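Read the structure below first, then the notes.
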Amino acid sequence: MAAIYSLFDALLPLTSPGHYIQWHWIQISVANLIVIILMIATFIAALVVPFPGRRRRRGGDE
Amino acid sequence: MSTTEIDRQWTTKFRRRLTTALPSEKLLPDTQPSYVASWIYVFGVATLSSMMVVIGTGCILAIMGPLWWHESSVGHFVNSLHLWSVEVFFFAMVVHLWGKFFMAAWRGKRQLVWMTGVVTFLASVATAFTGYVSQTNFDSQWISTQAKDGINATGGGAFFNVLNTGQMFMWHIVLMPIAAVVLTGLHILLVRYRGVVPPFEDTSAGKVRA
């Protein structure tokens, strides 16, 4: 169990202090930056990924 | 009681107005317009679903109390579920907000739908904030002292005292959830009343079916 914990901690160090990125007066934590990037990626994917059953629906139900 | 008297009752008038504006088939429709078959239309429901998990786990935490969520493994698990469902809630809500912003979802007399969404977002931020200062751990101590400094800097006073754990806890588990649920309910009823906003190409081609 301890080995699993140490492996998990090495992959995703949740108990150590957070990392920050600074560019002039802009400072953001890496965790927040990752979430923002994931939200943008999800937004773009939601626009371009075809919805299941869309072609079938187009002909019929309104 | 005569029919005229019944017609004059405020309850009768209110019921008629309500059932005319939102008949059952409009309140819970069998089909949706074809343009709703897009992933961008999924995030409103994703927000609502995660909100249900937030409320459900919050109810369990309220029943069991802080000692339970700090000391037992099941308590830790439910506490984590509460936190991560909030993360999913805000994630989905932000994607929902971007989607609706870029399709100008206030079109077609939907201003109130948009504005209730905006106020719900702000109420959710306040609910989450009071939650962060109600954790009863070092994280909540740090956040509340930083927030108190911030509020002091604005001259906000101590009516809303973030260092008062009891007050913040009550705001988090009573007042803010009531506000968030009522506003969300109103937002959904308005979406049902006005219909889901169509994409631009559908309105320009005159094919609006809302």
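The values are calculated or read from the model by the stated rules, or taken from the named source; none is laboratory data. Quantities reported herein were computed from a predicted structural model and do not represent experimental measurements. Cβ placement follows ideal geometry from the backbone for every residue including glycine, while neighbour counts extend to all protein chains displayed. These area figures cover heavy atoms from the full protein model, side chains too; ligands, DNA and RNA do not enter into them. Shrake-Rupley method; radii C 1.70, N 1.55, O 1.52, S 1.80 Å.
With respect to residue B:84, determine if the residue is within 14 Å of chain A (Cβ to nearest Cβ), surrounded by 13 or more Cβ atoms within 10 Å (Cβ to Cβ) and part of a helix (DSSP H, G or I). Before you say what the answer is, go through the steps one by one.
Details: within 14 Å of chain A (Cβ to nearest Cβ): yes; surrounded by 13 or more Cβ atoms within 10 Å (Cβ to Cβ): yes; part of a helix (DSSP H, G or I): yes.
Judged against the criteria, residue B:84 is a match.
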Considering residues of the stretch A:40-62 that are at the interface with another protein chain (Cβ under 8 Å from one of its Cβ atoms) and modelled with pLDDT under 90 only, the residue surrounded by the most Cβ atoms within 10 Å (Cβ to Cβ): A:57
Residues that are part of a loop (DSSP other than H, G, I, E, B), under 27 Å from residue A:40 (Cβ atoms) and open to solvent by 60 Å² or more (accessible area, probe 1.4 Å), drawn from the stretch B:97-140: B:106
Tally of residues being surrounded by 10 or more Cβ atoms within 10 Å (Cβ to Cβ), at pLDDT 85 or above and not in a loop (DSSP other than H, G, I, E, B) across the stretch A:1-26: 2
Candidate set from the stretch B:55-69 (those that are open to solvent by less than 70 Å² (accessible area, probe 1.4 Å) and either touching a residue at least 12 places away in the same chain (Cβ under 8 Å) or not in a helix (DSSP H, G or I) (or both)); member that is nearest to residue B:131 (Cα to Cα): B:58
Hey, residue B:97 free of Cβ contacts under 8 Å to residues at least 40 places away in the same chain and among the aliphatic types (A, V, I, L, M) or not: yes
Residue that is open to solvent by 50 Å² or more (accessible area, probe 1.4 Å), over 20 Å from residue B:183 (Cβ atoms) and among the aliphatic types (A, V, I, L, M), where the choices are B:45, B:74: B:74
Odd one out for residue B:199, checked against (1) open to solvent by 40 Å² or more (accessible area, probe 1.4 Å); (2) at pLDDT below 95: (1)
